[in-house]
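Q: The following block contains the structure, expressed as structure tokens.
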Amino acid sequence: MKIICIGRNYSEHAKELGNEIPENPVIFLKPDTAILKGKDFYIPEFSKDIHYELEVVLKISKGGKYILTENAHKHYDEIGLGIDFTARDLQNQLKEKGLPWELAKGFDGSAVVSEFIPKNNFELGQLHFELKKNQQSVQMGNTNRMLFSFDEIIAFVSQYFTLRVGDIIFTGTPKGVAKVEENDHLEGYLEGNKILDVWIC
Ligand code: ZN
């Protein structure tokens with residue numbers, strides 16, 4: 001199983017980190033060992049600036065390569081929410097040196113994934129999702145603000161990586177990313193329903 005992530009898919013978020021709006025989707029991977037088990041996220045010792053990034057996550061239900069945008073919807077049946085935990089201090093050091101981001105993005109526990117829900121229950125182009133930190137709303141997103149749609153992402157990525165059943169795709173975060181502290185409580189809501197719960201330790 002692989003975890004494919006899209007960077008800078010919401011322009012306000014790209015801008016808040018001082019990045020340009022990309023012409024093509026920005027892609028990176030996390031190893032399967034990045035999946036957080038349970039609800040407790042431990043801040044790793046190598047970072048003093050772990051950021052949350054709430055994202056809509058797709059689960060691939062049918063494999064494929066060179067998938068056309070118009071057929072992409074046949075390749076995923078379920079969606080959920082995820083948090084792409086990022087060691088922002090380390091990522092900035094790596095970016096400055098022009099090096100890959102994996103250490104800042106793929107560490108153990110850096111991929112939090114909710115339960116998955118059949119996509120037919122939703123209007124995928126207008127999904128509202130929200131992150132609350134200690135009961136305060138900190139990120140509010142709507143998929144109508146994505147630069148690249150779910151189907152465009154699948155078409156793009158599958159030109160390079162064969163998609164397999166069970167692969168998951170993090171589709172990018174809206175603006176509002178910030179640092180977590182010990183004892184923070186993060187809750188993710190999809191269309192008003194809480195489906196994600198993480199405690200920072
Ligand atoms: Zn992200």
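The values are calculated or read from the model by the stated rules, or taken from the named source; none is laboratory data. Since the model is a prediction, treat every value here as computed from it, not as a measurement. We place every Cβ from the backbone using ideal geometry, glycine too, and count neighbours over all the protein chains shown. Keep in mind that these areas ignore ligands, DNA and RNA; they rest on the heavy atoms of the full protein, side chains included. Shrake-Rupley method; radii C 1.70, N 1.55, O 1.52, S 1.80 Å.
Q: Amide H of VAL138 versus every other amide H placed in the peptide plane: which residues, excluding those fewer than 5 positions away on the same chain, fall under 5 Å?
A: Amide H neighbours of VAL138, under 5 Å, 5+ apart: LEU131, LYS132, LYS133.
Q: Most mobile of VAL57, VAL113, VAL26 per a Gaussian network model of the chain (Cα springs, under 10 Å)?
A: It is VAL26.
Q: As a test of the formula, what do you get for the chain when each DSSP H run with n ≥ 4 contributes -39,500 (n - 2.57) and the sum is divided by the residue count, at 222 nm and rounded to the nearest 500 deg cm²/dmol?
A: Counting only the DSSP helices, I get -3500 deg cm²/dmol.
Q: Right, here's the next one. So, R0 is 35 Å and r is the distance between the beta-carbons of ARG164 and LYS48; what FRET efficiency does that work out to, to 0.05?
A: Once the sixth-power term is evaluated, E becomes 0.45.
Q: Of the beta bridges DSSP finds with both residues in the chain, what % are antiparallel, to the nearest 5?
A: Around 90 percent antiparallel, to the nearest 5.
Q: Apply the Kirkwood formula to the chain: the hydrodynamic radius equals the inverse of the mean of 1/r over all pairs of different alpha-carbon atoms; give it in Å with one decimal.
A: 16.8
Q: Leaving out ligands, DNA and RNA, and with a 1.4 Å probe, what % of the accessible surface on the chain is carbon or sulfur?
A: With neighbouring chains kept in place, the figure for the chain is 48 percent.
Q: With a 1.4 Å probe and all protein chains left in place, how much accessible area per residue does the chain have, in Å²?
A: Averaged over the residues of the chain, the accessible area is 48 Å².
Q: Name the most mobile residue of VAL56, VAL165, VAL112, meaning the one with the largest mean-square fluctuation, in a Gaussian network model of the chain with Cα contacts below 10 Å.
A: Of VAL56, VAL165, VAL112, the Gaussian network model singles out VAL165 as fluctuating most.
Q: Tell me, what ³J(HN,Hα) does each residue in the range 123-134 have, in order and in whole Hz, if you take phi through Karplus 6.51 cos²θ - 1.76 cosθ + 1.60 with θ = phi - 60° and put x for Gly and Pro?
A: Listing the rounded values in order: 8, 5, x, 9, 7, 9, 9, 8, 10, 10, 10, 6 Hz.
Q: Express the relative contact order of the chain as a whole percentage, based on alpha carbon pairs under 8 Å and six or more residues apart in sequence.
A: Relative contact order for the chain comes out at 34 percent.
Q: With a 10 Å cut-off between alpha carbons and a GNM built on the chain, which of LEU68, LEU81, LEU54 moves the most?
A: Evaluated over the chain, the most mobile residue of the options is LEU68.
Q: Another question about this same structure. For the range 68-80, in order, what is each residue's ³J(HN,Hα) by Karplus, 6.51 cos²θ - 1.76 cosθ + 1.60 with θ = phi - 60°, in whole Hz (x at glycine and Pro)?
A: Coupling constants for the range 68-80: 7, 3, 6, 9, 4, 4, 6, 9, 9, 10, 10, 10, x Hz.
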